[in-house]
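The values are calculated or read from the model by the stated rules, or taken from the named source; none is laboratory data. Since the model is a prediction, treat every value here as computed from it, not as a measurement. Backbone-built Cβ (ideal geometry, glycine too); neighbour counts: all protein chains shown.
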Amino acid sequence: MGIISRGFGGRRRTAEDARVPPGQYLTDGFPVLSAGPTPRVTEEDWRFSITSEAGDTVTWTWEEFLALPQERPHTDIHCVTRWSKLDTEWTGVGLDTLLESVDTAADFALAYSHGGYTTNLPLEDLAGGQAWVVHAFGGEPLAPEHGGPARLLVPHLYFWKSAKWIKGVRLLDHDEPGFWEQAGYHPYGDPWREQRYWGD
Amino acid sequence: MTEYLDANALAGALSEVFSVDLTSSWRRCSVCGHTGAFAELHVYTDCPGQVARCPSCQTVVLRLVRSGDTLWLDLGGTGCLRVELR
């Protein structure tokens with residue numbers, strides 16, 4: 001008789017487990033994380049801008065933004081505080097659509113928000129169907145505590161990159177660390193490589 | 001709903017870095033000029049770190065991130081502190 005009994009190989013991985021990056025746990029809730037007071041931005045006052053590395057700026061009002069082609073990304077999200085949420089449904093405009101209006105050869109982007117929050121990404125991570133500016137979650141207008149009227153959604157990176165209350169994106173020739181990236185968090189933030197902190 | 005705590009929430013982490021108790025110091029904000037006890041800062045903890053803001057102008061005073069035995073402390077917005085050494 002063998003020393004190791006059957007079933008000692010550990011718990012079988014489910015299809016859901018395979019969608020959860022290392023070090024993460026699943027939640028059915030939607031935790032609210034915030035590093036400051038929740039900005040209250042009306043749709044009337046809302047503007048979204050992209051500024052190229054040459055300083056040229058394109059700006060959309062709320063009405064202009066809603067008139068753009070709308071996409072409905074269905075995706076999993078992963079917060080660096082270790083929760084992951086599967087099958088989230090959003091409505092918004094792809095960054096590919098927004099970037100069509102901008103002449104740029106920049107390599108980096110810095111998203112900035114009402115309230116002063118910023119986060120940096122390589123521009124290639126905002127393109128190719130990987131990023132959106134979203135205004136609805138689960139078919140409902142995005143609540144202020146989750147970043148409404150609109151937030152960035154970049155689900156292949158840790159969720160701190162999906163800036164709430166987004167106001168605009170500056171395109172840059174150089175990488176410029178954002179709010180958390182200046183304070184110890186990883187400049188890129190790939191959840192599948194557990195890039196949580198500097199040096200990970 | 002109160003979104004923030006006062007800066008006594010930072011006392012433990014700061015005591016691991018500084019030999020004096022900074023929460024008993026006074027601070028002058030370099031942005032709005034507000035003067036008050038360091039302990040009056042608004043500290044947000046429901047986020048990937050701890051963020052202290054000026055109670056008057058909401059400028060970020062301090063960011064603190066902890067991972068195991070490593071701590072990152074950004075004091076870029078602190079302004080001037082008056083610290084009593086004894």
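For region B:32-69, enumerate the residues that are assigned to a strand (DSSP E or B) and of a type in the set (Ser, Thr, Tyr). First the steps, then the outcome.
Initial filter on region B:32-69 (assigned to a strand (DSSP E or B)): B:35-37, B:42-44, B:50-53, B:60-67.
The answer is B:35, B:44, B:67.
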Could you list, ordered by first residue, the pairs with Cβ atoms under 6 Å in which the first is in region A:182-198 and under 14 Å from residue B:67 (Cβ atoms) and the second is modelled with pLDDT under 95 and of a type in the set (Ser, Thr, Tyr), at least 6 apart or interchain? A:197/B:67
Any residue at all in region A:39-49 that is over 13 Å from residue A:135 (Cα atoms), in contact with a His (Cβ under 7 Å, 6 or more places away or on another chain) and either surrounded by 15 or more Cβ atoms within 10 Å (Cβ to Cβ) or within 14 Å of another protein chain (Cβ to nearest Cβ) (or both)? yes
Quick one: count up the residues across region A:58-91 that are in a strand (DSSP E or B), surrounded by 14 or more Cβ atoms within 10 Å (Cβ to Cβ) and polar (S, T, N, Q). 5
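Every residue, every condition in (1) without any contact (Cβ under 8 Å) to a residue 40 or more places away in the chain; (2) among the β-branched types (Val, Ile, Thr), yes or no:
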residue: B:29; (1), (2): no, no
residue: B:42; (1), (2): yes, no
residue: B:50; (1), (2): no, no
residue: B:56; (1), (2): yes, no
residue: B:61; (1), (2): yes, yes
residue: B:68; (1), (2): yes, no
residue: B:74; (1), (2): yes, no
residue: B:78; (1), (2): no, yes
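Out of the residues in region B:66-86 that are loosely packed, with under 15 Cβ neighbours inside 10 Å and of a type in the set (A, V, I, L, M, F, W, C), state the one that is nearest to residue B:42 (Cα to Cα).
Let us first name the residues in region B:66-86 that are loosely packed, with under 15 Cβ neighbours inside 10 Å, namely B:68-70, B:75-76, B:80-86.
Right, trim to of a type in the set (A, V, I, L, M, F, W, C) and you get B:75, B:80-81, B:83, B:85.
Values: B:75: 15, B:80: 17, B:81: 16, B:83: 19, B:85: 24 Å.
Of everything passing the filter in region B:66-86, B:75 is nearest to residue B:42 (Cα to Cα).
Residue-wise test of (1) touching a His at 6+ places or on another chain (Cβ under 6 Å); (2) assigned to a loop (DSSP other than H, G, I, E, B); (3) within 14 Å of chain A (Cβ to nearest Cβ).
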site: B:8; (1), (2), (3): no, no, no
site: B:14; (1), (2), (3): no, no, no
site: B:71; (1), (2), (3): no, no, yes
site: B:78; (1), (2), (3): no, yes, yes
site: B:85; (1), (2), (3): no, yes, no
Of the conditions (1) among the aromatic types (Phe, Trp, Tyr); (2) within 14 Å of chain A (Cβ to nearest Cβ); (3) free of Cβ contacts under 8 Å to residues at least 12 places away in the same chain, residue B:18 clears all except one; give me its number. (2)
Under 6 Å between Cβ atoms, at least 6 apart or on separate chains: pull out the pairs that start in region A:64-89 with a residue that is modelled with pLDDT of 95 or more and end on any residue that is among the aliphatic types (A, V, I, L, M). A:68/A:93; A:76/A:86; A:84/A:20; A:84/A:26; A:85/A:77; A:88/A:77
